[in-house]
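Written below as structure tokens is the structure these notes are about.
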Amino acid sequence: MRCPYCNSKDNKVIDSRAADGGDSIRRRRECLKCARRFTTREHVEQRARLVVIKKDGTRVPFDRQKIQTGLEKSCYKRPIATETLQELVDRVEEELHRKYEREVEAIVIGKTVAEYLKQLDQIAYVRFASVYKQFRDLDDFLAEVKEVLDTNKKDDPKNQGTLF
């Protein structure tokens, strides 16, 4: 396992514990070169591998790291913990494996990620949606922001129970 800070392969495990109801192992590690700590997760690959059908019709193996990278870009400089993003990726992957046996369209993956992200952070959601929905111009962007704001108003407890 490479250190995400200095790229060294020399590290030691400080703590291990079951995570996700026993479906994975969370390990705290310490780099022996730079002395910084980081978290890794190990998952059992007992499920059949999903194949992603891209927009152009090509098929590629499912790669959870692509979701992780997209989320990190969308959540850049947002107050969201890395562990929270990892949990979101876990939830998305679990949902995809539950709903799809062998193949899933890339657009479905994007939609699933977007729905979870919308609940987590609206700014990160709009950033993600701008790539996922391929906004053509500012009007598309503003329409999405308006939809998020309207949804937020409906879900606001202050607005519930009123007739106006």
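The values are calculated or read from the model by the stated rules, or taken from the named source; none is laboratory data. Note that the coordinates shown come from a computational prediction; the quantities given were computed from them, not determined experimentally. Reconstructed Cβ throughout: ideal geometry from the backbone, glycine too, with neighbour counts over all protein chains shown.
Name the residue that is surrounded by the most Cβ atoms within 10 Å (Cβ to Cβ), counting only residues in the stretch 56-82 that are polar (S, T, N, Q) and in contact (Cβ under 8 Å) with a residue 12 or more places away in the chain.
Looking at the filtered set, the residue picked out is Ser74.
Each row is one residue, and each column tells you yes or no for (1) within 20 Å of Asp56 (Cα to Cα); (2) β-branched (Val, Ile, Thr).
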residue	(1), (2)
Leu85	no, no
Val89	no, yes
Val92	no, yes
Glu103	yes, no
Lys111	yes, no
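Got at least one residue in the stretch 134-144 being within 24 Å of Pro79 (Cα to Cα), modelled with pLDDT of 80 or more and in a helix (DSSP H, G or I)?
Residues of the stretch 134-144 within 24 Å of Pro79 (Cα to Cα): 141-142, 144.
When the remaining residues are screened for being modelled with pLDDT of 80 or more, the result is 142.
If we keep only those that are in a helix (DSSP H, G or I) as well, we get 142.
Yes, the stretch 134-144 has at least one match.
Mind checking which residues of the stretch 12-52 are surrounded by 12 or more Cβ atoms within 10 Å (Cβ to Cβ), under 30 Å from Tyr100 (Cα atoms) and small (Gly, Ala, Ser)?
Ala19, Ser24
Which of the residues spanning the stretch 1-60 are over 22 Å from the mean Cα position of the chain (by Cα), among the aliphatic types (A, V, I, L, M) and not in a loop (DSSP other than H, G, I, E, B)?
Val13, Ile14
I need the full set of residues from the stretch 77-108 which are under 9 Å from the mean Cα position of the chain (by Cα) and of a type outside the set (D, E, K, R), in order please.
Of everything in the stretch 77-108, those that are under 9 Å from the mean Cα position of the chain (by Cα) and of a type outside the set (D, E, K, R) turn out to be Thr84, Leu85, Gln86, Leu88, Val89, Val92.
Checking Lys9 against (1) surrounded by 12 or more Cβ atoms within 10 Å (Cβ to Cβ); (2) free of Cβ contacts under 8 Å to residues at least 60 places away in the same chain, which test does it fail?
So the condition that Lys9 fails would be (1).
Considering only residues that are exposed (fewer than 12 other Cβ atoms within 10 Å of the Cβ) and within 20 Å of the chain's Cα centre (by Cα), which ones fall in the stretch 124-139?
The one that is exposed (fewer than 12 other Cβ atoms within 10 Å of the Cβ) and within 20 Å of the chain's Cα centre (by Cα): Gln134.
Could you please find all residues in the stretch 64-119 being touching a Ser or Thr at 6+ places or on another chain (Cβ under 7 Å) and under 27 Å from Lys146 (Cα atoms)?
Answer for the stretch 64-119, where residues must be touching a Ser or Thr at 6+ places or on another chain (Cβ under 7 Å) and under 27 Å from Lys146 (Cα atoms): Val92, Leu117.
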